[in-house]
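A.B. asks: Input: one structure, supplied below.
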Amino acid sequence: MRLEAFLPHLGFAALLVLLSAGVVRLLIAHPMLDDPARRAATAHTVPTPKGGGLGIVAAFVAGMVVLYGTARFARIAETEFIGTILAAVAIAGVALADDLRDFRFVVKLVAQAGAAMVAMASGLVVTRLALPWIGVVELGIWGPLLTLFWIVACTNAVNFMDGMDGLVAGSLLVACAALCLIGAEQEAWFVYAASLFLTAGLIGYLPYNLHPARIFMGDVGSQFLGFVLAVLAVACARFDTAQVSFLIVPLLLFAHLFDTGFTLMRRIVMGERPSTPHRTHLYQMAARSGMPVRWVAAVHGAFVLFQAALALLFPQLAPWAKPLVVLPPLLVQLLWLAYVVRRVRRAGLSWKAN
């Protein structure tokens with residue numbers, strides 16, 4: 001994209017930053033309070049405003065509405081465009097209600113699956129998968145099932161990681177900015193615009209979420225971000241005929257997906273119910289072992305910077321190397337796991353939910 005074409009987009013994004021920040025400030029002035037006495041998994045001890053993710057949602061939706069009304073390229077895939085926006089708004093609405101009323105986990109899953117199927121019905125489905133040493137595999141009937149699983153899993157992974165000041169907002173700001181650059185490079189205008197609007201929303205929100213946070217994102221922000229990024233991963237799959245570019249978003253979110261996946265498997269092995277509240281994610285155990293909150297958030301920011309560098313390099317890799325691009329961040333996460341385990345042992349902490 002030429003610089004003169006990008007500058008008006010940047011100016012519009014600046015307006016969305018102000019919109020996001022304005023909504024967040026309004027929610028701080030007229031708060032929905034997050035009462036720590038009702039949430040065993042929170043690390044905070046005093047009631048704090050939540051729902052700050054509404055600022056991100058407002059910036060994204062406003063951007064998409066203006067885009068659809070003014071940009072000719074917004075109608076290249078009109079069904080997918082409308083389906084994605086409707087599904088994202090639906091998931092944000094249910095998540096906002098959850099912030100207010102604390103739904104059971106099964107209710108959240110049903111809502112997430114329903115929103116995912118709306119996006120899939122508009123045509124966003126992964127139909128093939130590239131496997132190392134095997135090649136491209138046609139998924140057939142498994143395509144919709146794997147797409148549904150991915151969208152729900154990614155939505156919850158981002159949601160579960162939103163338990164520390166600045167961690168999700170800061171790391172996803174880097175991820176969305178990188179995805180915006182990749183979308184522009186690939187001339188994938190829907191991915192470019194959507195990630196630009198998410199970036200703007202996060203810039204408006206993040207200053208109020210840095211430690212000590214003045215407001216929390218809430219499920220309305222974390223579930224919304226996880227859902228939209230999951231759908232964008234499916235859209236990225238179309239960058240090449242083998243659909244291996246689907247890996248770009250999982251690569252950007254690798255640290256979040258690893259932490260969530262490891263924690264889920266560990267809790268199942270230890271006989272715990274995965275849906276019960278806890279404070280045993282790797283990032284939470286690192287903080288409980290004495291690592292400052294700002295450092296934990298900064299470490300995750302560094303993870304995403306490394307992952308973003310790989311994602312920006314991804315389109316230039318040879319086809320055989322693309323499926324292997326997850327190996328470097330996997331090594332980094334295994335080293336992080338070993339470091340956290342060592343800190344936990346020294347601090348005498350238990351991995352059981354408490």
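A.B. asks: When the helix-only estimate is applied to the chain (DSSP H runs of n ≥ 4, each -39,500 (n - 2.57), divided by the residue count), what is the mean residue ellipticity at 222 nm, nearest 500 deg cm²/dmol? Walk me through the numbers before you get to the answer.
C.D. replies: Values: 13 runs with 231 residues, N = 354.
About -22000 deg cm²/dmol.
A.B. asks: What are the ³J(HN,Hα) couplings of region 195-200, residue after residue, when phi is run through the Karplus curve with 6.51, -1.76, 1.60 and θ = phi - 60°? Round to Hz, x for glycine and proline.
C.D. replies: 5, 5, 5, 5, 4, 4
A.B. asks: Semi-axes of the equivalent ellipsoid of the chain: what are they in whole Å, largest first, if each equals the square root of 5 times a C-alpha gyration tensor eigenvalue?
C.D. replies: On the way: eigenvalues 175, 127, 76 Å².
Each semi-axis is the square root of five times an eigenvalue, giving 30, 25, 20 Å.
A.B. asks: Quick one: net charge of residue 236's neighbours, Cβ under 15 Å, K/R +1, D/E -1? Present the calculation step by step, with values, prior to reporting the outcome.
C.D. replies: Working: positive: 128, 238, 322; negative: 80, 185, 187, 240.
Spelling it out: positives minus negatives among the neighbours equals -1.
A.B. asks: Shifting gears a bit: Provide the solvent-accessible area of residue 352, counting protein heavy atoms only and rolling a 1.4 Å probe, rounded to the nearest 10 Å².
C.D. replies: Roughly 100 Å² of residue 352 is accessible to a 1.4 Å probe.
A.B. asks: Mind listing the long-range amide H neighbours of residue 136? Cut-off is under 5 Å, sequence gap 5 or more, other chains count too, H placed in the peptide plane at 1.01 Å from N.
C.D. replies: Answer set, sorted by chain and number: 131.
A.B. asks: At R0 = 35 Å, how high is the FRET efficiency between residue 134 and residue 101 if r is their beta carbon distance? Nearest 0.05 is fine.
C.D. replies: Details: r = 46 Å, r/R0 = 1.32.
About 0.15, to the nearest 0.05.
A.B. asks: With a 1.4 Å probe and all protein chains kept in place, how do 167, 26 rank by accessible area, largest first? Can you show the working numbers first?
C.D. replies: Values: 167 0, 26 105 Å².
I get 26, 167, largest accessible area first.
A.B. asks: So for the pair residue 181, residue 15, with labels modelled 7 Å out along Cα→Cβ, what separation do we get in nm?
C.D. replies: 2.7
A.B. asks: Additional query: Percent relative contact order of the chain, based on C-alpha pairs within less than 8 angstrom and at least six residues apart? Mind dumping the intermediate values first?
C.D. replies: Values: 528 pairs, mean separation 79.6, N = 354.
22 percent.
A.B. asks: Once you put a point 7 Å from the Cα of residue 342 and another 7 Å from the Cα of residue 313, both along the Cβ direction, what distance in nm separates them?
C.D. replies: 2.5
A.B. asks: While we're looking at this one, here's another question. Using θ = phi - 60° and the Karplus relation 6.51 cos²θ - 1.76 cosθ + 1.60, list the HN-Hα couplings for region 152-157 in order, rounded to whole Hz, with x at every Gly or Pro.
C.D. replies: Coupling constants for region 152-157: 5, 5, 5, 4, 6, 4 Hz.
A.B. asks: As an exercise, use a Förster radius of 30 Å and the Cβ-Cβ distance of residue 25 and residue 65 to find the FRET efficiency, rounded to the nearest 0.05. Could you put the intermediate results ahead of the total?
C.D. replies: Details: r = 22 Å, r/R0 = 0.73.
After rounding to 0.05, the efficiency reads 0.85.
A.B. asks: For residue 240, what residues show an amide H to amide H distance below 5 Å, using hydrogens built from the backbone and excluding near sequence neighbours?
C.D. replies: For residue 240, whose amide H was placed from the backbone, the distant partners under 5 Å are 245.
A.B. asks: Also, quick follow-up: Under a 1.4 angstrom probe, counting protein chains only, how are 289, 222, 350 ranked by accessible area, largest first? Mind dumping the intermediate values first?
C.D. replies: On the way: 289 25, 222 0, 350 55 Å².
The ordering from most to least exposed comes out as 350, 289, 222.
A.B. asks: Something else now. So what is the relative contact order for region 254-347, in percent, with contacts set as C-alpha pairs under 8 Å and at least six apart? Walk me through the numbers before you get to the answer.
C.D. replies: Details: 42 pairs, mean separation 35.9, N = 94.
Taking the mean separation of contacting Cα pairs over the length of region 254-347, I get 38 percent.
A.B. asks: Given contacts defined as C-alpha pairs under 8 Å and at least six residues apart, what's the relative contact order of region 74-155, whole-number percent?
C.D. replies: On the way: 65 pairs, mean separation 24.2, N = 82.
So the answer I get is 29 percent.
A.B. asks: Put +1 on the Cβ of each Lys and Arg and -1 on the Cβ of each Asp and Glu in the chain; which of 331, 142, 207 then has its Cα farthest toward the positive end of the dipole?
C.D. replies: Going by the Cα projections, it comes out as 331.
A.B. asks: Separate question: Sorted by average packing, counted as other Cβ atoms within 10 angstrom per residue and highest first, what order do 331-342, 267-278 take?
C.D. replies: Numbers: 331-342: 14.5, 267-278: 12.5.
Final packing ranking: 331-342, 267-278.
A.B. asks: To continue, here is another question. In whole Hz and in residue order, list the ³J(HN,Hα) couplings for region 251-256 that follow from phi through the Karplus curve 6.51 cos²θ - 1.76 cosθ + 1.60, θ = phi - 60°; x for Gly and Pro.
C.D. replies: 5, 4, 9, 4, 4, 5
A.B. asks: When the Cα atoms of region 139-218 are enclosed in a convex hull and the volume is divided per residue, what value in Å³ results? List each step's numbers first, then the result.
C.D. replies: Working: hull volume 7.7 nm³, N = 80.
Measuring per residue, one finds 97 Å³ for the Cα hull of region 139-218.
A.B. asks: Solvent-accessible area of residue 138, probe 1.4 Å, all protein chains present, reported in Å² to the nearest ten, please.
C.D. replies: 120
A.B. asks: Residue 306 versus residue 327, label points 7 Å from Cα toward the beta carbon: distance in nm?
C.D. replies: 1.6
The values are calculated or read from the model by the stated rules, or taken from the named source; none is laboratory data. Just so you know, these numbers come straight off a predicted model, no measurement behind them. Quick reminder, even Gly has a Cβ in these numbers, built from the backbone with ideal geometry, and neighbours come from all protein chains shown. Surface areas here come from the heavy atoms of the whole protein model, side chains and all, with no ligands, DNA or RNA. Shrake-Rupley method; radii C 1.70, N 1.55, O 1.52, S 1.80 Å.
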